[in-house]
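I have placed the structure first, in the form of structure tokens, so that the comments after it can refer back to it.
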Amino acid sequence: MHPAEPGYLLLGDRDQTLLLLDLGQTDILCPVEVDGQWVLPLQLKDRIILYFQKTMQPPGLTLVQTEANCK
């Protein structure tokens, strides 16, 4: 589990899968589109997710903002 807004859970499977779960609608999973490996994700607000992406170039991390896609 990772830092999230009250009423949500931000779940990760190592550095592969990242999901946002709305506890008010537990039947809806919101996958987060990530390009490559990520570290230190957190939910800023609603469905906005911020994480660091591992890169080959120095300094080795890039800050990325994305949105969870709820179905």
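Give me Thr55, Thr66 ranked fewest to most by other Cβ atoms within 10 Å of their Cβ, as a rough exposure proxy.
In order of increasing Cβ crowding within 10 Å: Thr55, Thr66.
Using the scaling law 2.2 N^0.38 Å as the reference, what is the normalised Cα Rg of the chain?
Details: Rg = 12.0 Å, N = 71, 2.2 N^0.38 = 11.1 Å.
Ratio of Cα Rg to 2.2 N^0.38 Å: 1.08.
Just how large is the dipole of the chain about the Cα centre, in debye to the nearest 20, putting +1 at every Lys and Arg Cβ and -1 at every Asp and Glu Cβ?
Dipole about the Cα centre, nearest 20: 140 debye.
What does DSSP give for the chain in terms of the percent of beta bridges that are antiparallel, rounded to the nearest 5?
Counting DSSP beta bridges with both partners in the chain, the antiparallel share is about 100 percent.
What FRET efficiency, computed as 1/(1 + (r/R0)^6) with R0 = 30 Å and r the Cβ-Cβ distance, is obtained for Leu11 and Thr62, rounded to the nearest 0.05?
In this case the efficiency is close to 0.85.
Could you run the Karplus curve 6.51 cos²θ - 1.76 cosθ + 1.60 with θ = phi - 60° over segment 10-24 and give me ³J(HN,Hα) per residue in whole Hz, x for Gly and Pro?
Couplings: 9, 10, x, 10, 6, 10, 10, 8, 9, 10, 10, 10, 7, 5, x Hz.
What residues have an amide H closer than 5 Å to that of Tyr8, excluding those fewer than 5 places away on the same chain, when H is modeled at 1.01 Å from N in the peptide plane?
Result for Tyr8 returns Leu23.
Residue-wise, which Karplus ³J(HN,Hα) couplings in Hz belong to segment 31-37, taking 6.51 cos²θ - 1.76 cosθ + 1.60, θ = phi - 60°, and x for glycine or proline?
Here the 3J(HN,Hα) series is x, 9, 6, 10, 10, x, 7 Hz.
Going by how many other Cβ atoms sit within 10 Å of their own, how do Leu20, Leu9 line up, fewest first?
Leu9, Leu20
Counting only residues 5 or more places away or on other chains, whose amide H sits under 5 Å from the amide H of Gln37 once H atoms are built in the peptide plane?
Lys54
Rule-based calculations on the coordinates, nothing more; no lab input. The structure displayed is predicted, hence computed values, not measured ones. Counting neighbours? That spans all protein chains shown, and the Cβs are built from the backbone with ideal geometry, glycine included.
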